[in-house]
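Student: Have a look at this one before I ask anything.
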Amino acid sequence: MNKDFYNYHAWMKKVFPFRLDEREYDLFSCYFENNYLKHMPAHKESKILEIACGMGQFLFFLKKNGYNNVDAIDLDQSNVDQCKSLGFDRVIEADMYNYVIGLDDSAYDMIVMNDLIEHIPREDIVSFLCEIRKKLKDSGIVMVKTINCNNIYGISGFFADFTHVVGYTPERIKHVSMLSSFSHCKVFNLFISPNVRCLYFLVKFFWWPIYKWKQFLFFLNAKKTDSVFSKNLLAVLYK
């Protein structure tokens, strides 16, 4: 992936400005805790790699929850510098293809890709995931967050970014997982997470009838029903 492709990172930071303060990172951490933590490795010393770590929001969540054996890469040196300013020393600027190919096999317990897979060309994604699978330990997992094209706002988000090249639904991400020789794949809703935990459960409560209505609409249109309708989805791929 060309690091200078249409000045992507500069554009993202202009359109979606981040405050880069403690409250901002706490909000992201709350989101990850509510949606990711139950899928995380049980052992805190598990070795984790994040590909395209951005400004370190997921790294902040990992550190806050006791996961410190973490490596990360990003194409943008300014993102790397931001992560290092937060104390994440094992972050480097690197091209993901070359970096992953150069890793030892069975090196990681978990590899994370947030908001990345939709940028990878169709002809590259299966071979790249096959390579990632080699770098996992036998019980390893890959976490993939991407836009959910089952959701109308997800479709809008997909087309809002010119560098998005492949859109995913739960069915498609499962198909790609199968083609990449993962044993199985589970797909989950990603719920917006207010900074107050009780409000998170209220969000889930009020979304439930909406999801059921969407399932009914899918049924009326002769489409297999699915329970994942959030704007973004989380796929967990098991080696």
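Student: Using the Karplus curve 6.51 cos²θ - 1.76 cosθ + 1.60 with θ = phi - 60°, work out ³J(HN,Hα) for each residue of segment 81-89 in order, rounded to whole Hz, and write x for Gly and Pro.
Tutor: 5, 4, 5, 5, 5, 8, x, 8, 7
Student: I've got another one for you. Rounded to whole Hz and in sequence order, give me ³J(HN,Hα) for segment 96-101 from the Karplus expression 6.51 cos²θ - 1.76 cosθ + 1.60, θ = phi - 60°, writing x for Gly and Pro.
Tutor: Going residue by residue, I get 5, 5, 5, 5, 5, 4 Hz, with x marking Gly and Pro.
Student: By how many nm would the segment from Thr163 to Asp81 lengthen if fully extended, with 0.36 nm per residue of separation less the alpha-carbon distance?
Tutor: 27.2 nm
Student: Let me ask you something else. Round to the nearest 0.05 the FRET efficiency obtained for Asp115 and Asn68 when R0 = 25 Å and r is the Cβ-Cβ distance.
Tutor: According to the calculation, E is roughly 0.60.
Student: How long are the semi-axes of the equivalent ellipsoid of segment 83-150, taking √(5λ) for every eigenvalue λ of the Cα gyration tensor, in whole Å from largest down?
Tutor: Computed over segment 83-150, the values are 20, 17, 13 Å.
Student: Here's another thing I want to ask about it. Work out, step by step, the length gained on full extension between Lys212 and Ala107: first 0.36 nm times the residue separation, then minus their alpha carbon distance; give nm to one decimal.
Tutor: Contour length minus Cα-Cα distance gives 33.7 nm.
Student: Here's something else I'd like to know. Determine ³J(HN,Hα), in whole Hz, for all residues of segment 152-162 in sequence, where each value follows from phi through the Karplus function 6.51 cos²θ - 1.76 cosθ + 1.60 and θ = phi - 60°; x replaces Gly and Pro.
Tutor: 4, 6, x, 4, 4, x, 4, 7, 6, 10, 5
Student: What would the Debye formula give as log10 I(q)/I(0) at q = 0.13, 0.17, 0.18, 0.24 Å⁻¹ for the alpha-carbon point model of segment 34-135, no solvent?
Tutor: Debye intensities relative to I(0), on a log10 scale: -0.45, -0.79, -0.89, -1.45.
Student: Amide H to amide H under 5 Å from Tyr108: which residues, 5+ apart in sequence or cross-chain, H placed 1.01 Å off N in plane?
Tutor: Result for Tyr108 returns Leu136, Lys137.
Student: Still on this structure, please answer the following. Distance cut-off 31 Å, Cα to Cα: go down the list Lys38/Lys212; Lys137/Lys214; Lys135/Lys212; Lys44/Lys145 and report the pairs above it.
Tutor: Beyond 31 Å between Cα atoms: Lys137/Lys214; Lys135/Lys212.
Coordinate-derived values only; no laboratory data. A quick note: this is a predicted structure, and the numbers were derived from the prediction, not measured. Methodologically, a virtual Cβ is constructed for each residue, glycine included, from the backbone with ideal geometry; neighbour enumeration extends over all protein chains shown.
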